[in-house]
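Okay, structure first, notes after.
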Amino acid sequence: MTRQTDVMAAEATYIRGIRANLHQFVQQAIQVFFVGLVIGMERNVLPVLSQDFGVSKGSFLYLMSFVVSFGFVKGILNFVAGRLSERIGRKKVLLLGWIAALPIPFMILYAPSWDWIVAANVFLGINQGFAWSMTVTSKVDITLAEQRGFATGVNEFAGYAAVGIGGLATGYLAEVYGSREALFGFSLAVILTATLTAFIFIRETLPWAKVESREHASGNYAGHKPRFPEGISEHPGTREIFTLVSFRNPTLSALCQAGVANKIADALLWVLFPVFLHNRGLGIVEIGWITAVYGMVWGASQLLTGALSDIIGRKKPIVAGLWLLGLGIASVPLVHGIAAWTISAAIMGAGMALLYPNIIAAVADISHPNWRSSSLGTYRYWRDTGYAIGAIAVGSVAQWTSSIENAFWFTTLVLGLSGLYLGLRAEETHPGLNPIP
C-alpha cells in the first residue's frame with residue numbers, strides 16, 4: 001500500500017503540460033537562448049576574418065575545418081548526453097555542457113592560428129551536445145504529447161533567434177573593440193551567466209519521464225497511443241537504440257537522413273554564405289544583418305511551424321521545409337544586392353523553421369519515455385554529424401571547382417532528394433493523427 005501511495009503521489013507531483021510547468025518551460029527556453037548566443041558569435045565574424053588567423057583565400061576545406069571538428073564532436077556528444085541523462089539526470093548534463101564551454105573565450109582571444117579555432121570548436125561541440133540536447137529533452141519530459149510541436153518550436157525559436165542575435169551583436173562589437181576582444185568578452189559573459197542561472201533555476205525533469213513510462217506500462221496513459229517501434233526491449237541497450245533509430249525503423253531512419261541534409265545546408269550557410277557575401281563587397285555589419293535575418297526568421301517562425309505540426313502532423317511541414325530551404329539556397333547565386341540576399345535568407349529561415357522543430361517532435365512522438373532521450377540523442381548524433389559531412393562535402397565542391405556557387409547547387413540537390421526520400425519512406429508520427437488502432 002505504501003508503494004502504491006508513493007507512486008500516486010509522484011504522478012500527482014509530476015503533472016505534464018506547459019501551463020503546469022510554465023516556470024521550468026521558460027527557464028529551459030532561457031538556457032537554449034544562451035546556447036544559441038555562443039554559437040551565433042561564430043556565424044559572422046570568424047568566417048569573414050579567417051585570413052587573420054592564417055587561412056589563405058580559396059582554402060575552403062581548411063576554412064571549413066572548424067565546422068568539421070564541431071560537427072563530429074557535437075554529434076557524438078548528443079548521443080552520449082542522451083544516454084548519460086537517463087542515468088544521472090538532465091540538469092547535471094546541462095551543467096557539464098556549460099563547464100565545457102569555459103575554455104572557448106580564452107582560446108579565441110589567444111589563438112595564434114586557425115588550428116586553435118578548430119580546437120576551440122571541440123569544446124563548443126561538447127557545450128552544444130550537452131546543453132542544447134538537455135533543453136530539448138527536458139521540454140519534451142514536462143509537456144503533453146499534443147504540445148510537442150509547439151514545445152520544440154519554442155525551444156528552437158529561442159536557440160536560433162539567439163544565433164541570429166549573437167552574429168549581429170558580435171559584428172557590431174567587432175567594429176568597435178576588434179574581433180578577438182569582441183568574441184572574448186561576449187562569449188565569456190554569456191557562458192558565466194548561463195552556468196549560474198542553470199545551477200540556481202533549472203529543475204531536474206527525469207522524474208516526469210519515469211512517471212510517463214509507468215503510465216504506459218500500467219495502461220493508464222491518457223490520450224492517443226503512439227506508434228512505438230516493435231521488436232525492441234523495454235530497457236534497450238545503447239547498441240539496440242542506435243541501430244533501431246539509425247537503420248532498422250524506416251520512419252526514424254528517414255528522419256535521421258533529413259537531419260543530416262539540413263545540417264549540410266547549415267554548414268554551407270554558416271561558413272560559405274558569409275564568404276560569398278564578403279566576396280561580393282559586403283562588410284561585416286551588412287553580412288551580420290543578412291545572416292541574422294536567416295537566424296531570426298528561422299527562430300521566430302518556429303513558434304508557428306511547431307504549433308502547426310500539432311494540427312496537421314509532422315511529415316508535411318518537414319518535406320515542405322526541406323524543399324523551401326533548397327529553393328532559398330538556389331536563389332543566392334541567382335540574385336544580387338542586399339535586399340535580394342536578405343529575401344533569400346528569409347526564405348531559407350522559413351524552410352528551416354518548417355523542418356527543424358518538427359523532426360525533433362516526430363522522433364519524440366514514437367520514442368518510448370524509457371529510451372526517448374537516447375532516441376533523440378541518436379537522431380541528434382546523425383543530424384549534427386551532418387555539420388562535419390556538409391563541411392567536407394561543400395568545402396570539397398567549392399575547392400575542387402574553384403567556385404562557391406557550385407557548393408550552393410550541390411546543397412540544393414541534396415535537399416531536394418532528402419525531401420523526396422522522407423516523403424516516400426516515413427509515416428506520420430503524430431499520435432493524434434496516426435494512432436495505434
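A short reminder: the numbers here are calculations on the coordinates, not readings from a lab. In this text the structure is predicted, and so the values were computed from the model without any measurement. No Cβ is skipped: glycine too gets one built from the backbone with ideal geometry, and neighbour counts run over all protein chains shown.
If you count, for each residue, the other Cβ atoms within 10 Å and average over each peptide, how do 28-39, 203-214 line up from highest to lowest?
Working: 28-39: 24.5, 203-214: 18.8.
Descending mean neighbour count gives 28-39, 203-214.
Taking the number of Cβ atoms within 10 Å of each Cβ as an exposure proxy, the fewest-first ranking of 225, 92 is 225, 92.
Calculate for the chain the 222 nm mean residue ellipticity that helices alone would give, adding -39,500 (n - 2.57) per DSSP H run of length 4 or more and normalising by residue count, nearest 500 deg cm²/dmol. Kindly include the intermediate steps, with their values, before the conclusion.
Numbers: 19 runs with 329 residues, N = 437.
Taken over the chain, the calculation gives -25500 deg cm²/dmol.
If the only charges are +1 at each Lys and Arg Cβ and -1 at each Asp and Glu Cβ, what is the size of the charge dipole of the range 299-405 around the Cα centre, to the nearest 20 debye? It would help to have the intermediate numbers written out before the result.
Values: 6 positive and 4 negative charges, 50 e Å.
Charge dipole, the range 299-405, about its Cα centre: 240 debye, nearest 20.
A straight line joining the Cα centroids of the range 96-173 and the range 258-324 runs 16 Å. One decimal place: the segment residue 396-residue 316 gains 25.6 nm when fully extended, by the rule 0.36 nm per residue minus the C-alpha distance. Sequentially through the range 97-104, phi angles give Karplus couplings (6.51, -1.76, 1.60; θ = phi - 60°) of x, 6, 4, 5, 7, 4, x, 4 Hz, Gly and Pro residues having no value and appearing as x. Electrostatic bookkeeping for residue 323 treats Lys and Arg as +1 and Asp and Glu as -1; over the other residues with beta carbon under 14 Å from its beta carbon, the sum is +2. Computed from phi, the 3J(HN,Hα) profile of the range 421-435 under the Karplus parametrisation 6.51, -1.76, 1.60 (θ = phi - 60°) reads 4, 5, x, 8, 9, 8, 8, 5, 9, 4, x, x, 9, 9, x Hz, with x in place of Gly and Pro. The phi-based Karplus calculation (6.51 cos²θ - 1.76 cosθ + 1.60; θ = phi - 60°) puts the 3J(HN,Hα) values of the range 364-379 at 5, 3, 10, 10, 5, x, 5, 9, 5, 5, 5, 5, 4, x, 5, 4 Hz, whole numbers, x for Gly and Pro. Simple spin-label estimate for residue 200 and residue 433 gives 4.2 nm between the two label positions (7 Å along the Cα-to-Cβ direction from each Cα).
The count of lysine pairs in the chain whose Cα atoms are under 29 Å apart, excluding pairs fewer than 8 places apart on the same chain, comes to 27. With the Cα gyration tensor of the range 258-317 giving a ≥ b ≥ c as the square roots of its eigenvalues, does the rule (a/c under 1.5 for rounded; else a/b larger than b/c for prolate; else oblate) give rounded, prolate or oblate? It is oblate, given that a/c is not under 1.5 and a/b is not larger than b/c. When each of the peptides 124-130, 237-243 is scored by the mean number of other C-beta atoms lying within 10 Å of its residues, the order from highest to lowest reads 124-130, 237-243.
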